[in-house]
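The values are calculated or read from the model by the stated rules, or taken from the named source; none is laboratory data. Predicted model only: the values in this text are computed from it and were never measured. We place every Cβ from the backbone using ideal geometry, glycine too, and count neighbours over all the protein chains shown. Heavy atoms of the whole protein, side chains included, go into the accessibility calculation; ligands, DNA and RNA do not. Shrake-Rupley method; radii C 1.70, N 1.55, O 1.52, S 1.80 Å.
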Amino acid sequence: MSESSGIAVRGISKTFGSGADRVQALDNVSLDIRENEFFTLLGPSGCGKTTLLRLIAGFEQPSAGDILLDGVSIAHLPPFQRPVNTVFQSYALFPHMTVAQNIAFGLEMQGMARRQVDERVAEMMTLVQLGGLEARRPAQLSGGQQQRVALARALANHPKVLLLDEPLSALDLKLRKEMQIELKRLQLESGITFVFVTHDQEEALTMSDRLAVMSDGHILQIGAPAEIYEHPRHRFVADFIGEINLLDATAAEPNGNRVRYRLGGSQTLLAEAADAPPAGRVSLAIRPERASLEPAGEEGLAGAVESIVYIGADTVYRVALADGAGNFIVRVQNRAGARGAFAIGDAVAVVVPPEAIQVLSD
Amino acid sequence: MPMGWFRRSKTHRQMALIGPAVLFLAVLMLIPIVLMGYVSFLERGEFGGVRWSDHTVDAYVAFLFERDFDGSLQLNTDYLQIFLRSFWLSIGTTVLTLLVGFPTAFYMALQPPRYRNLLIFLVTIPFWTNLLVRNYAWILLLRNGGLIDSALAWLGLTDAPISVLYTPFAVAIGLSYSYLPFMVLPIYASLEKLDFRLVEAAFDLGADRRRALARVIIPLAAPGIAAGCILVFIPSLGAYVTPELLGGGKSLMIGSLIQNQFGAARNWPFGAALAFALLGIVLLAIVIYLLRFRRSPGEMT
Ligand SMILES: Nc1ncnc2c1ncn2[C@@H]1O[C@H](COP(=O)(O)OP(=O)(O)OP(=O)(O)O)[C@@H](O)[C@H]1O
Ligand SMILES: [Mg+2]
């Protein structure tokens, strides 16, 4: 990873208040965001995503640590001197200005000549497909249109970095999907680094080049979407991203380059051994779509079908494992011609390929 | 019909609710104003009062013209000048009050909510003291050898008496002090509603503090600023006690002029006509305000 381009967050901590009201919003957070990257901060409400974004924008001062942009510290600069623009969660459009005036604001602050400002505004209006709405006021726009204006206003200055704080959360599902594609297109076309905040894991997976999963002021894991999805390194990450089965287990005996894990009673599962397989009590994380259902007697986890939910493309089976080993969700694709092979109450075997198991230390 | 009954009873109830206010306004506002209007079109009585049977527009003519010996009308701008002087003094007072009031209101709006009510209370303190007491206090402060004068001399900042008392500036200071809450409270009300994220957005887009103030904060507080200016300007225009005491009665203001007509000059119709001219100016100011700031910026549809 290049040290000198992109954003480098170095050991940032941020506390609010003091005494009994003290809140540690961020605790020793470090991360590198590469140039031209679509980087997402993902985490539950209150984990510190907005705080991290506001520190990068300059609205808050870090309690400790440093922030570098292209190798130069920007932590001491006021927000108006940082080549960073923000799309606020509430859009924060100026209500007393028209759409065109809103977009022109940052350009005027740079001291750009009137004619160039007008040109750039027209360019931005086309980019976000708002042609014809120049003279409207924000209050006369729909949520999606306001969102586009906020985007155009932040992009007009050609910042090095664009910060987006849950910009899509106020939109309905259909518009949200459209804007996701639009945002991705804008990011590719402009070549600007996007730092995107969301607590929607699906949004994070589909849009990001890389993402950081945060919890309680910490970054738990940073990686590409597939890496985070396939190889979560924390129970929290596994649980937060998509649906997953988490089974308590203890390591039994190694078996070649695999390890056998013991669940409850006589149930065991064979998993690929990592470089340093965790010993003692562990969690086995298995995606529902990576397991399959076979008739009882096959090599696998014994159990009985407890419920069946048909959801169009897939059918989701919930299996109660024998010996109190817990429940297991299996997601089976519905293929043409295939009939529902199992009914509620059927004894089944849940078959899990060893490479589908992610072993997490507790 | 139950609905019809409900509706009728509702209008009855509304009438009962607003009735006292309407009666109050009619008796205590409308009747005196109509009476004054009527008086302004009457002949003056020899020893004050009016001759109720003789109608004339002399009072309004006398505002701008003077009768020569031969009875021809000559333009006389004396009264107009008094109006203009009062007008400029009120403008000065309004500007001074705005310069003090806006930062005060801004500071208040930035405080944690639990301190704000205390600050509002503190700002209204001028209302709690008697008008005369306030003005005499300012005389003590402003006169040569008074508190401010001797403090400045002691600090070595001045070597001659400041000679502020009995000048229009002293009047403006006294009026500003009295009307400061009228300026601070409406501006505070509009700044308090201001979404501070808009200011952050301005910073984010490259505006420094000064330009964020000029381009975002002041425009959004404009309705409050305009309301405050009107609320200070109007009473300043007709102020009587403060110009008399702090201005030393040296230069006549509208308030004193009107008072004179009902008092020493015993010219009630002229006093009433002057009061009506003042009322006209005030109404004009309000109409301009309403036309300009009828809708707050966020609510335009
Ligand atoms: N100005 C502040 N004063 C005190 N505490 C704050 C302040 N701003 C944030 N916090 C606290 O810091 C923590 C992190 O807040 P933050 O806004 O960064 O969360 P978030 O991840 O953006 O959550 P959400 O998804 O709900 O927007 C929270 O516990 C919050 O209460
Ligand atoms: Mg947030």
Taking chain A and dividing mean pair separation by its residue count, relative contact order in percent (alpha carbons under 8 Å, at least six apart) = 15
Of the residues B:V287, B:A239, B:Y177, the Cα lying farthest along the dipole of segment B:78-299 towards its positive end, which is defined by charges on the beta carbon of Lys, Arg, Asp and Glu, belongs to B:V287
Using the charge dipole of segment B:27-178 (Lys, Arg: +1 at Cβ; Asp, Glu: -1 at Cβ; taken about the Cα centre), state which of B:M108, B:T56, B:F83 has its Cα farthest towards the positive end.
-> B:M108
Summing +1 for each Lys or Arg and -1 for each Asp or Glu, what net charge is found among the other residues whose Cβ lies under 9 Å from the Cβ of A:T50?
-> 0
Where a label projected 7 Å from the Cα of B:H55 along Cα→Cβ would reach, residues of segment B:9-36 with amide N under 16 Å = B:34-36
Taking a ≥ b ≥ c as the square roots of the Cα gyration tensor eigenvalues, with a/c under 1.5 meaning rounded and otherwise prolate when a/b beats b/c or oblate if not, segment A:228-310 comes out oblate
Evaluate peptide A:78-88: per residue, the Cβ atoms of other protein chains within 10 Å of its Cβ; return the mean as an integer.
-> 4
FRET efficiency for A:E134 and A:A20, using Cβ-Cβ distance with R0 set to 45 Å, rounded to 0.05 = 0.30
Take the alpha carbon atoms of segment B:41-59, find their center, do the same for segment A:303-362, and report the distance between the two centers in whole angstrom.
-> 104
Compare the peptides A:97-105, A:24-32, B:20-28 by average per-residue count of other Cβ atoms within 10 angstrom and give them in order, highest first.
-> A:97-105, A:24-32, B:20-28
Multiply the residue separation of B:D70 and B:F262 by 0.36 nm, subtract the distance between their alpha-carbon atoms, and state the gained length in nm to one decimal.
-> 66.3 nm
Might you report the magnitude of the Cβ-based charge dipole of the protein assembly as shown about its Cα centre, with Lys and Arg at +1 and Asp and Glu at -1, to the nearest 20 debye?
-> 2040
Over chain B: helical MRE at 222 nm, DSSP H runs n ≥ 4 each giving -39500 (n - 2.57), nearest 500 | -22000 deg cm²/dmol
What accessible area per residue, rounded to a whole number of Å², is obtained for the protein assembly as shown using a probe radius of 1.4 Å?
-> 51
Computed FRET efficiency, Cβ-Cβ of A:A252 and B:A214, R0 60 Å: what is it to the nearest 0.05?
-> 0.25
Between A:E298 and B:L155, with labels modelled 7 Å along Cα→Cβ, what's the label distance in nm to one decimal, could you check?
-> 9.2
Just the accessible area for A:T126, please: 1.4 Å probe, Å², rounded to the nearest 10?
-> 100
So what is the calculated 222 nm ellipticity per residue for chain A, using -39500 (n - 2.57) for each DSSP H run with n of 4 or more, over all residues, to the nearest 500 deg cm²/dmol?
-> -7000 deg cm²/dmol
Here FRET efficiency (C-beta to C-beta, A:D239 to A:E178, R₀ 22 Å, nearest 0.05) is 0.15
Taking a ≥ b ≥ c as the square roots of the Cα gyration tensor eigenvalues, with a/c under 1.5 meaning rounded and otherwise prolate when a/b beats b/c or oblate if not, chain B comes out oblate
Segment B:3-61 shape via C-alpha gyration tensor axes, a/c threshold 1.5 = prolate
Taking the Cα-to-Cβ direction at A:L188 and at B:E192 and moving 7 Å from each Cα, how far apart do the two end points lie in nm?
-> 5.1
Once the dipole of the protein assembly as shown is set up with Lys and Arg at +1 and Asp and Glu at -1 on Cβ about the Cα centre, which of B:V164, A:L205, A:Y317 lies farthest towards its positive end?
-> B:V164
Place a +1 charge on the Cβ of each Lys and Arg in segment B:78-299 and a -1 charge on the Cβ of each Asp and Glu, then give the dipole magnitude about the Cα centre in debye, rounded to the nearest 20.
-> 320
How far apart, in nm, are the 7 Å Cα→Cβ label points at A:A343 and B:V100?
-> 9.1
Partner shielding of A:91-99, as the mean number of partner chain Cβ atoms within 10 Å, equals 5
Potential lengthening between B:L110 and B:A16 on full extension [0.36 nm per residue; Cα-Cα distance subtracted] = 29.6 nm
So what is the relative contact order of segment B:78-299, in percent, for Cα pairs below 8 Å that sit 6 or more residues apart?
-> 27
B:I139 accessible area, 1.4 Å probe, all protein chains in place, Å² to nearest 10 | 20
Cα-centred dipole magnitude for segment A:45-125, charges only on beta-carbon of K, R (+1) and D, E (-1), debye, nearest 20 = 120
